[in-house]
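Reading through the structure tokens given below for one structure.
The values are calculated or read from the model by the stated rules, or taken from the named source; none is laboratory data. None of these values were measured; they are calculated from a predicted model. Cβ atoms come from the backbone with ideal geometry, glycine included; neighbour counts cover every protein chain shown. Only protein heavy atoms, including side chains, enter the accessible area calculation; ligands, DNA and RNA are left aside. Shrake-Rupley method; radii C 1.70, N 1.55, O 1.52, S 1.80 Å.
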2 protein chains.
Amino acid sequence: MKTLRSYICGRWHEATSGFAPLVDPSTEEVLAQASSEGIDFGAVLDYARDHGGPALRALTFAQRGALLKDMSKVLRDHRDELLDLSRQNNGTTKGDGSFDVDGASGTLAYYAALSKSLGDRHSLPEGDGVQLAKTDGFWAQHILVPRRGVAVHVNAFNFPAWGFGEKAACALLAGMPVITKPATATALTTERCIELIVAAGILPEGALQLIIGSTGDLLDRLGPQDVMAFTGSADTARKLRNRPSLLAANTRVNVEADSLNAAVLGPDVDPVEGSATFGLFLKDVVREITQKTGQKCTAVRRILVPSDRIAAVQDALISRLGAVVTGNPADAGVTMGPLATAQQLRDAEEGVAELARTARIVHGSGKRSGAKGFFFAPTLLRADDARQAGAVHEREVFGPVATLLPYDASAAAASEIVALGGGILVTSVYSDDAGWVGEFLAHGGGAAGRVYVGSESSAADAPGSGAALPQALHGGPGRAGGGEELGGLVGVKLYLQRVAVQGSKALVNEVAGVSA
Amino acid sequence: MKTLRSYICGRWHEATSGFAPLVDPSTEEVLAQASSEGIDFGAVLDYARDHGGPALRALTFAQRGALLKDMSKVLRDHRDELLDLSRQNNGTTKGDGSFDVDGASGTLAYYAALSKSLGDRHSLPEGDGVQLAKTDGFWAQHILVPRRGVAVHVNAFNFPAWGFGEKAACALLAGMPVITKPATATALTTERCIELIVAAGILPEGALQLIIGSTGDLLDRLGPQDVMAFTGSADTARKLRNRPSLLAANTRVNVEADSLNAAVLGPDVDPVEGSATFGLFLKDVVREITQKTGQKCTAVRRILVPSDRIAAVQDALISRLGAVVTGNPADAGVTMGPLATAQQLRDAEEGVAELARTARIVHGSGKRSGAKGFFFAPTLLRADDARQAGAVHEREVFGPVATLLPYDASAAAASEIVALGGGILVTSVYSDDAGWVGEFLAHGGGAAGRVYVGSESSAADAPGSGAALPQALHGGPGRAGGGEELGGLVGVKLYLQRVAVQGSKALVNEVAGVSA
């Protein structure tokens, strides 16, 4: 059996015990095994601090961007192989795999391009300098400098390529060495990504290390200049935040956690064939329920529809969801693969049972499909009192599951119901009435880190609310974790320290590298 | 005896039990008493959410700025009275009191002025919009919107006016209602500030509430849209971060905590009379040890000097520190008042005893002066092995206490020693050699949120490293709390939610209020 390896201290480490299996979720066949036993995590951190950090900081932003471009290229050059690994280990269709794999190479390429605008600099000026006295003898300029620590990335099972790539792009561009840790159960694709990047000799030694398996005492060794970025469940996030060592060192922690994302159909949109906006709504919502079998933190979990249209919308959604073919992505005609693991399947079944206490199932069963493989067909629920829907606003069922909720057509009511989710990644709003959308934004914009507006004018181009594009913020308040990734420079700043440099204007400009 | 009141739910609340005393630290005379007993904290939060929040959000940034201007004016108009309260309750000299009181009115005035550039808007666009598809049918624009919760401000005893003012300025400008809680022991000045602002009828009801005394279950009632900003000890900060309710709701928390700030004398500066840079160093360092009796989070705690000059620097500092007159600020000729409380006096004595394990006292006693009043004369220590100085890099002694540390004249060594503080608010560097300062910044800039460069060219204008001016970031990584206050808009963003608005360019620009 294939044994996955970790890449640490400039070499590949293969454990000899403590293995966990990696499974094909379509067949339940064991594909590989992985373990981090035998790794000295202190040495891994030292290697990053002593080799990777200095080597990256010696480069300029533009030079680091050039490394990202090479990383992107090597992933793109092996796209078919990575898609195949994704199908095997994540059970993804080709489209779903490409959402992950092309997402990784695309995000790396985006940050490579962005780096050109940052230039051949070792620190970034932020904003204009400001005079602080009557003369220019006292002046201030904010700059951003690389944090002198290690970026530890703990990623979720659903994006083995993109999760690695989007986090690593920002940290490496900032000048911080990365230790990346994929979810063990789906690490096949990540291991191959790192293997390709290492074999191509792109990065300085120590700039990128990979740990597959438990992180041991790694997190207890982090300090004040380190950054820990986590994507996963709110429960695990809470435990991480609570970790005495991280609290004591006040390590910077970024969290992307549960998100009860909402799609809102505006009252101006008629649920009829021929309405471009309603067509976009249907296409988007069905995609955001079923893409990657609903295993996206940006998937739509709640669908708000004006009360008088909910029956029509329900019919239209059921008709589309009914056309989804669940099965092994290796088989022709299959449009949706299995859930990624047995645990995810159990969680999804338990989750629907919980939702069914305050909502009723109107399509699908909320149960496993078939006896072999972790298949779970699309399941649509409906709660008739949106404000009393309890778990619908609290339990993220990580599968192809969403709940219809009626509202009274007012922007205020819609935003209040969306806010019951306690902070989410994305709200999608479908309307051609800019006044109504503006009112929704004023009331409820702050409940999400991103508001996606679907309209007739965007219908031809919009990629759906689930795409976390590198140009736009990915992260939401409250239950969603309060983190901030991507969004152009926003995500890079997680790995930079903001410093106000004060002194005479001439000296400040000289040391900050700003032309007067 | 005077009983301090809280201002809640549109009225003044006077408790009838559970009182703590407020004392004049020069005379130990009890000045007043305070208690928050009888306050329904759920009602206080509801009042902010139901009245203050909507009223503030109905105003534009520029309109909210106008309120700050009025707040600034009412404090300035009562400056003498506030300075007198500060002297009574904080034991401040007139200069030290003005650092706090004028700091408050000045920061409010600064944000009032800044608001004009933000304009008559309800949300702020951030950066330029970006095209996300081949046509402008899909576009993104980041905007910043007020968080729809409450800003709870827990302030430290040393800045009863500025601590209130600098936090409230940013939150109110952002459109968030404030509940401010000063340290009970020195709340006399804060209570009067709020009384003046309330009497002047400046703010909408619910925009500003005051709690003097325990916060009861207030912090357990915070949610995902609320913000908690805390200034105080790292220990208390850790307990706050650890609070299950704040973790569960993922309330946004900003911390300003301990900081072992360092002053570094560059190797190019001769420690002789006639050197403007050395003169600035001496003036600054002595001020940063003694101002407010060393009770500033930005005070200098560590003084790094090239080994071959440390004896000369020590002599020069002792000569200046010896001229400080410690006593009751009401008495003529006194240049430094007492510590603020009996507890602070005990902590300072214990702290110096801890430092004295790895350093030796070269000036002062590290003990109380006199039998009455919390007086504590300037104390200078010296450790001959900077890297083995243990507590010198870890224990913030919150009084007029600093430790001399030698280094080998290299920028790399200086920055390594500074970094032993585990993250600080401000490093001051005294040098006229831009190359050396640039090297220091490259190595060690990120260990602090602010780097203050003292040089011949700034000697006439520089206010000292301890001044947290509103234009420049106040906050540091690691032990310093990892928070970000002030710094112009940076501090306002704590109270805003960043939202990426996506859709067709025309619709995004319309709802985001951006002209095409």
- Rounded, prolate or oblate: which fits chain A when a ≥ b ≥ c are the square roots of the eigenvalues of the alpha-carbon gyration tensor, with rounded for a/c under 1.5 and prolate only if a/b beats b/c? oblate
- Task: Could you list which residues have their amide H under 5 Å from that of A:Phe376, counting only those 5 or more apart in sequence or on another chain, with H placed in the peptide plane?
- Result: A:Leu339, A:Ser369
- Under the rule rounded for a/c under 1.5, else prolate if a/b exceeds b/c, else oblate, using alpha carbon gyration tensor axes a ≥ b ≥ c, the stretch B:386-506 is classed as prolate
- Task: Would you work out the relative contact order for the stretch B:1-117, in percent, from Cα pairs under 8 angstrom that are 6 or more residues apart?
- Result: 25 percent
- Helix A:342-355: angle to the longest alpha-carbon principal axis of chain A, degrees 0 to 90, nearest 10? 50 degrees
- Summarise the accessible area of the stretch B:111-223 (1.4 Å probe, protein heavy atoms) by the percent that is carbon and sulfur. 51 percent
- Alpha carbon Rg of the stretch A:1-88, scaled by the compact-globule rule 2.2 N^0.38 Å: 1.41
- What residues of the stretch B:148-166 lose no less than 40 Å² of accessible area with every protein chain in place versus their chain by itself (probe 1.4 Å, heavy atoms only)? B:Arg148
- Item | With DNA, RNA and ligands ignored, accessible area of A:Lys367 (1.4 Å probe; Å², nearest 10) | 120 Å²
- Quick one: accessible surface of B:Asp80, probe radius 1.4 Å, all protein chains present, in square angstrom to the nearest 10. 100 Å²
- Query: Under the definition of Cα pairs under 8 Å and six or more residues apart, what whole-number percent is the relative contact order of the stretch B:464-506?
  - Reply: 27 percent
- So for the stretch A:292-432, using the alpha carbon gyration tensor with a ≥ b ≥ c as root eigenvalues (a/c under 1.5 gives rounded; past that, a/b versus b/c decides prolate or oblate), I'd call it prolate
- Quick one: which bits of the stretch A:210-249 get at least 10 Å² less accessible when the partner protein chains are in, versus the chain alone, with a 1.4 Å probe? A:Pro224, A:Gln225, A:Arg238, A:Arg241, A:Asn242, A:Leu247, A:Ala248
- Note on the structure: In whole Å, largest first, the alpha carbons of the stretch B:118-253 cover along the principal axes 62, 39, 23
- Query: If you keep only loop residues by DSSP, which trypsin sites (Lys or Arg not before Pro) in the stretch B:126-193 have at most 12 other Cβ atoms within 10 Å of their Cβ?
  - Reply: B:Lys134
- Tell me, how many Å apart are the Cα centres for the stretch B:448-511 and for the stretch B:415-431? 19 Å
- Mean separation of Cα contacts under 8 Å (6+ apart) over length of chain B, as relative contact order %: 18 percent
- Message: I need the peptides A:410-420, A:12-22, A:487-497, B:312-322 ranked by packing, meaning the mean over residues of other C-beta atoms within 10 angstrom, with the highest value on top.
- Response: A:487-497, A:410-420, B:312-322, A:12-22
- Message: Cross-link candidates for A:Lys283: which lysines have Cα within less than 23 Å, leaving aside residues fewer than 8 places away along the same chain?
- Response: A:Lys94, A:Lys292, A:Lys296, B:Lys134, B:Lys505
- Message: Helix-only estimate, please: 222 nm mean residue ellipticity of chain A, summing -39500 (n - 2.57) across DSSP H runs of length 4 or more and dividing by its residues, to the nearest 500.
- Response: -10500 deg cm²/dmol
- Just report the Cα centroid separation between the stretch B:216-287 and the stretch A:100-147, whole Å. 24 Å
- Message: Rolling a 1.4 Å sphere over the protein heavy atoms, what is the accessible area per residue of chain A, to the nearest Å²?
- Response: 32 Å²
- Using the Kirkwood radius built from alpha carbon pairs, what does the Stokes-Einstein equation give as D for the protein assembly as shown at 25 °C and 0.890 mPa s, in µm² per second? 82 µm²/s
- Item | Vicinal HN-Hα couplings computed from phi for the stretch B:187-194 (Karplus, 6.51 cos²θ - 1.76 cosθ + 1.60; Hz; Gly/Pro x) | 7, 4, 5, 4, 4, 5, 4, 5
- Shielding by partners, peptide B:434-441 (average Cβ within 10 angstrom, other chains): 4
- Task: Mind listing the long-range amide H neighbours of A:Gly503? Cut-off is under 5 Å, sequence gap 5 or more, other chains count too, H placed in the peptide plane at 1.01 Å from N.
- Result: A:Trp139, B:Val453
- Message: Interface size between chain B and chain A, please: total buried accessible area, 1.4 Å probe, rounded to the nearest 100 Å².
- Response: 5400 Å²
- Return one number: the angle in degrees, 0 to 90 and rounded to the nearest 10, between the long axis of the Cα atoms of helix A:162-174 and the longest principal axis of the Cα atoms of chain A. 30 degrees
- Task: Would you mind telling me the antiparallel percentage of the DSSP bridges in chain A, rounded to 5?
- Result: 40 percent
- Message: Explain nothing, just the number: dipole magnitude of the protein assembly as shown about its Cα centre with +1 on each Lys and Arg Cβ and -1 on each Asp and Glu Cβ, in debye rounded to the nearest 20.
- Response: 600 debye
- Message: Sort A:Val152, B:Val324 by heavy-atom solvent-accessible area, probe 1.4 angstrom, most to least.
- Response: B:Val324, A:Val152
- Query: Once you average over the residues of B:321-333, how many Cβ atoms of partner chains fall within 10 Å of each Cβ?
  - Reply: 0
- One would report the antiparallel percent of DSSP beta bridges in the protein assembly as shown, rounded to the nearest 5, as 40 percent
- Within the stretch A:432-452, which residues have the backbone N less than 17 Å from the label spot 7 Å out from B:Ala55 along Cα→beta-carbon, could you tell me? none
- Cα axis of helix B:79-90 to longest principal axis of chain B: angle in degrees, 0 to 90, nearest 10? 60 degrees
- Counting only protein heavy atoms and leaving out ligands, DNA and RNA, the solvent-accessible surface of B:Leu404 at a 1.4 Å probe, in Å² to the nearest 10, equals 0 Å²
